[in-house]
Structures are given as structure tokens and as C-alpha cells.
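Asker: Have a look at the structure that comes next, please.
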Amino acid sequence: AEAQVRQMQKMEAVGQLTGGIAHDFNNMLAVIIGNLDVAERRLDDPSRLSRAISNARQGADKAAELTRRLLAFGRRQPLSPRVIDANALIAGMSELLERSLGATVRHETDLADGLWRVHADPAQLENAILNLAINARDAMPDGGTLRVATANISVAEGSDRHRDGLRPGELVLITVSDTGVGMSPEVTARAIEPFFTTKEVGRGTGLGLSQVYGFVKQSGGHLRIRSTPGRGTSIDIYLPRHEGEAEAVRSEHRPADDDLP
Ligand code: ADP
């Protein structure tokens, strides 16, 4: 029954998604058609004609951008998972984060000692953290603090975390938190929906969190959003721990380096 409910929610999301896109696309077509009509009727007036053509062109460019985004979204990149050290990956991102956050947002990290390794695509994990950091920055227009933290988590059978929906086992938790505007419960509930955005047209695509969610799910993990309006937001990414230390060591010491004369 639970799977059925989830399937229904999914269908509903797809319905809202296609409805919204069809609506936007229709508006763009209306602009194009309307301006072509004007152009046809005003062949005698070069300035009206050129304005109408330019407006039609703009509408067509917008429609092309929308389909480009849709195609990019549908074309999920295949993952290339590797054994990675999440702490090292996060530490390696500090310059990138600083550059992306701007001067008014402080950036701190709180990395767990002896963090377990995860099996995930490093480029996609980096991309996910960057996406979350950019959302955090947008949520702190007057400045604030972005915190990236890691922790080792053990989910026991029947524990609170298990009851909250986490699969029992050993997990690595990566939390990206901000001290920004936060989200209402309604926005929190819809935040991962593709194309859901509260940002102005042109600023938000509504794809950031849905991409992060897709990556985390494909990696066998969980995503959780905790947010308090006026206080801030924390996004938790739980990834399964990589079992088997031997492979971890091998993947980091490339034999080719040892073979050099
Ligand atoms: P976008 O950032 O393009 O709007 P997202 O999917 O990344 O798309 O986010 C969807 C919506 O969720 C945002 O428009 C915003 O309302 C809300 N949101 C996401 N992250 C945060 C955050 N850290 N703080 C407050 N609101 C957020």
C-alpha cells in the first residue's frame, strides 16, 4: 500500500510537471505566433516589422532554452561510483565554495574523525554539495554561515532512525546547513519536485534539489530536509558506507605511479 501511495505521488508530480511545462511552452508559442501575425500585417512598416521579428525570436529562444533544460534533465548522467573519502572531497572544495558563496557568507566545515569511505560518483557528489551551497547562499541574502559537516552513522534495527525511514546499516552523513530564511512546511514538502522553485524567472530552474535527490537515491542513500522559517535549513545526505577496506586502499594508490623508474 505504501508503494502504491508513493507511485501515486510520483504520478501526481509528473502531472504537475508536464502541466506546468506545457503552460510555459504555450505562453512562449503565443508570443511567437502573435508577433508573426503582427509582422505579416505590417510588412509596410520596417520598424514595427523588425520589432515583431525580434520579439518572436526572443520567444523562440526561450522555448529552445526550456526544451534544452528538459532534455538535459531527462538525460540523467550515468554514475561512475568510486570509493571515496568524503572528508577529503569536502576539504578539496573549500576554494570553490568560497568563490561561489560571495563575501557575506562565512563557510565552515566540521569533519568527523576516522570517517568511513563511501561508494559514490565523486563528481556528482561534489556537484550535489555545490548545488546545496548555492541554495544556501541564495537563502542568506544578508549573509550568514554555511556549514558542511560529516558524521559516521549507525542505523540499528528498530531505532528512531530506522523508524524515520533510514535503512539499517552503516552510513556516512553529510550535512549542508545554512542560517538563512528557511522554508515553510509547504515549500519543504515540494522542494525536491523537478521545476519547483520560489525564485524569480531566470534565477531558479527548480532542478537543483531534484538532481541532488536523484543522485542520492541512485547511490543507495537518503536525502532529508530540515528547515525552520527564519532560522535556516539543513540538508542531510546519507550515503551507504563502503564495505571492504582493501579496495579503498587499492583505488587510491595507483600502481602506475609505483612503476615509474
Ligand atoms: P532552485 O534553487 O532553482 O529554485 P531547487 O530545486 O534547488 O531549485 O530548490 C527548490 C526550492 O526549494 C527553492 O526555490 C527554494 O524555495 C527552496 N530551497 C532550496 N534550498 C533552500 C535553502 N537552503 N533555504 C531555503 N529555501 C531553499
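The values are calculated or read from the model by the stated rules, or taken from the named source; none is laboratory data. Fair warning: this is a prediction, and the values are worked out from it, not measured in the lab. Glycine gets a Cβ as well: all are built from the backbone with ideal geometry, and neighbour counts include every protein chain shown.
Asker: Look through segment 124-140, keep the residues that are touching a residue at least 40 places away in the same chain (Cβ under 8 Å) and either closer than 15 Å to T109 by Cα or more than 11 Å from the ligand (Cβ to nearest atom) (or both), and return whichever of them is surrounded by the most Cβ atoms within 10 Å (Cβ to Cβ).
Answerer: Step by step, filter segment 124-140, then rank; the result is A136.
Asker: Which of the following residues is more than 17 Å from the chain's Cα centre (by Cα), basic (K, R) and under 16 Å from T145 (Cα atoms): R106, R117?
Answerer: Every option except R106 fails the conditions.
Asker: Among the numbered criteria (1) under 23 Å from L239 (Cα atoms); (2) touching a helix residue (DSSP H, G or I) at 6+ places or on another chain (Cβ under 9 Å), which single criterion is violated by R137?
Answerer: The single condition R137 does not satisfy is (1).
Asker: Another one. Would you tally the residues in segment 54-105 being modelled with pLDDT under 90, among the aliphatic types (A, V, I, L, M) and over 30 Å from Y238 (Cα atoms)?
Answerer: Matching residues across segment 54-105 total 3.
Asker: Counting residues that are more than 25 Å from K217 (Cα to Cα), which strands (runs of 3 or more DSSP E) fully inside segment 29-129 reach at least 3?
Answerer: Result: 105-110.
Asker: Cβ contacts < 6 Å: first residue among the charged types (D, E, K, R), restricted to segment 193-208; second residue more than 8 Å from the ligand (Cβ to nearest atom), any location; separation 6+ or different chain. Result?
Answerer: What qualifies is E193/A13.
Asker: Can we say R147 is assigned to a strand (DSSP E or B), among the basic types (K, R) and either under 19 Å from the mean Cα position of the chain (by Cα) or modelled with pLDDT of 95 or more (or both)?
Answerer: Answer is yes for this residue.
Asker: Here is a further query. What are the residue pairs meeting all of these: first residue in segment 165-178, first residue more than 16 Å from the ligand (Cβ to nearest atom), second residue of a type in the set (D, E, K, R) and modelled with pLDDT of 95 or more, Cβ atoms under 7 Å, and 6 or more apart or on different chains?
Answerer: If the second residue must be of a type in the set (D, E, K, R) and modelled with pLDDT of 95 or more, the pairs left are L173/D236.
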